[in-house]
Amino acid sequence: MKRLHKGQWQKGVEGHKPSEMTLMICIEKWNHSDDEGLKISEISRLLGFTPPTITQLINSLEAKQMVERHADSSDRRVVRVKLTESGKKLTRRAEQYRDAMLDELVQYLGEKETKQLTKLLLKVHAFVEDNPPPNWDRLQMNGDEKHD
């Protein structure tokens, strides 16, 4: 089990946290409206993160000049986020690396084990879809939260 230790799976790309890379890939994938960018609420919904978490990630990425914010063209109260050129380049490199690693994994496993892995991953996905996490805000408190 040491080989599956959490720390080994949380390596970022070029100094960026996995959550930052996930956010940038999300923006790259879902930004279809003439490069206008996505609303924080859209990113939050797509990734399943809370808006404050998305805002923190955007703050970090903005400081690294990977994303930029701007007001929506039709509603100045709405903030949109899009990748900068540096963010686009980094996202493309991360996607190329991911694709190359998946190709290597398929070669390493071979056809039979790749099909087994695919079948198991689809089964895990179905299980997760059928068993969503609890709504932590609705769980009854037992008083322990005072000690957090």
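Read-outs throughout are calculated quantities, based only on the coordinates presented, and are distinct from any laboratory measurement. Remember, predicted model here, so these are calculated numbers, not experimental data.
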For Leu102 and Lys88, calculate 0.36 nm times their separation in residues minus their Cα-Cα distance, and state this gained length in nm to one decimal. 2.9 nm
Semi-axes of the range 15-130 from the Cα gyration tensor (sqrt of 5 times each eigenvalue, largest first, whole Å) come to 32, 17, 12
Karplus-derived 3J(HN,Hα) from phi for the range 118-133 (6.51 cos²θ - 1.76 cosθ + 1.60, θ = phi - 60°), whole Hz, x at Gly and Pro, runs 4, 4, 5, 5, 5, 5, 4, 4, 4, 4, 5, 4, 7, 10, x, x
Quick one: which residues, 5+ away or cross-chain, put their amide H under 5 Å from the amide H of Val78? H built at 1.01 Å from N. Asp72
